[in-house]
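Visitor: Sharing a structure, written as structure tokens. Questions coming.
The values are calculated or read from the model by the stated rules, or taken from the named source; none is laboratory data. This structure is a prediction, so every number in the text was calculated from the model and none was measured. Backbone-built Cβ (ideal geometry, glycine too); neighbour counts: all protein chains shown. Heavy atoms of the whole protein, side chains included, go into the accessibility calculation; ligands, DNA and RNA do not. Shrake-Rupley method; radii C 1.70, N 1.55, O 1.52, S 1.80 Å.
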Amino acid sequence: MIPRDSHTVLDFGCGNGYTLKALRKLSPRSNFIGINVSYIVIKKAQKLNPDVKYYQLDDGSKLPMKSRTIDFIFAGDVIEHVYDTESLFNEFERILKIGGKILITTPYHRLIKNLIIVLTNFELVFDPMGVHIRFFTPKSLCSALERVGFSITKLGFFGRFFPYLT
């Protein structure tokens, strides 16, 4: 899915830069941008990928790119930490070039996994003071993306013990 030619790739929620490093191997001629809310992890990412442009943004801030300038957006296990996902998805739609692609991953709890959580450690997983602000189902994620103009081309799952504990 990541473009192999020279493109502009955004890693939204880039963390410590290890995913950026892997993405750069897949598309070495592309220009990469990393965004994160944490200045500390951006500093770590800069050490690992010094030629990448980084931005530290507060949750809910407008993305610092011009409209229609990004070819590919990767948001790996980060949208569940965002307060206003509709604004973020609108920003993704604004900066993505026509024909551009976005890859979003987020934890998903199926029925049996939810039952195990309820019986064993509900308060730990669904802690109202925890880092996960929201949880998505495939339907709710697709609906949120389609509401701002995206069309879903592929939906998939990965994880342990599919289909029960993904």
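Visitor: Taking Y39 and the conditions (1) over 20 Å from I95 (Cβ atoms); (2) among the aromatic types (F, W, Y); (3) surrounded by 13 or more Cβ atoms within 10 Å (Cβ to Cβ), which numbered condition does it fall short on, given that it satisfies the others?
Guide: With (1) over 20 Å from I95 (Cβ atoms); (2) among the aromatic types (F, W, Y); (3) surrounded by 13 or more Cβ atoms within 10 Å (Cβ to Cβ) applied to Y39, the lone miss is (3).
Every residue, every condition in (1) open to solvent by 60 Å² or more (accessible area, probe 1.4 Å); (2) more than 15 Å from E91 (Cβ to Cβ), yes or no:
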| site | (1), (2) |
| --- | --- |
| H7 | no, yes |
| L10 | no, no |
| N16 | yes, yes |
| K21 | yes, yes |
| I35 | no, no |
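Visitor: Next up: Take region 10-53 and flag every residue that is touching a helix residue (DSSP H, G or I) at 6+ places or on another chain (Cβ under 9 Å), aliphatic (A, V, I, L, M) and not in a strand (DSSP E or B).
Guide: L20, V37, A45, L48, V52
Visitor: I would also like to ask the following. Condition check: modelled with pLDDT under 95 and surrounded by fewer than 17 Cβ atoms within 10 Å (Cβ to Cβ). Does L48 satisfy that?
Guide: Judged against the criteria, L48 is not a match.
Visitor: Kindly indicate which of K66, K97 is assigned to a strand (DSSP E or B) and of a type in the set (K, R).
Guide: K97
Visitor: Please verify whether region 54-68 includes one or more residues that are surrounded by fewer than 19 Cβ atoms within 10 Å (Cβ to Cβ), in contact (Cβ under 8 Å) with a residue 60 or more places away in the chain, in contact with a helix residue (DSSP H, G or I) (Cβ under 7 Å, 6 or more places away or on another chain) and among the hydroxyl-bearing types (S, T, Y).
Guide: No, that holds for no residue.
Visitor: Separate question: Any idea which residue in region 87-146 is most open to solvent (accessible area, probe 1.4 Å), counting only those that are modelled with pLDDT under 75 and of a type in the set (D, E)?
Guide: Only one residue tops the list, namely E123.
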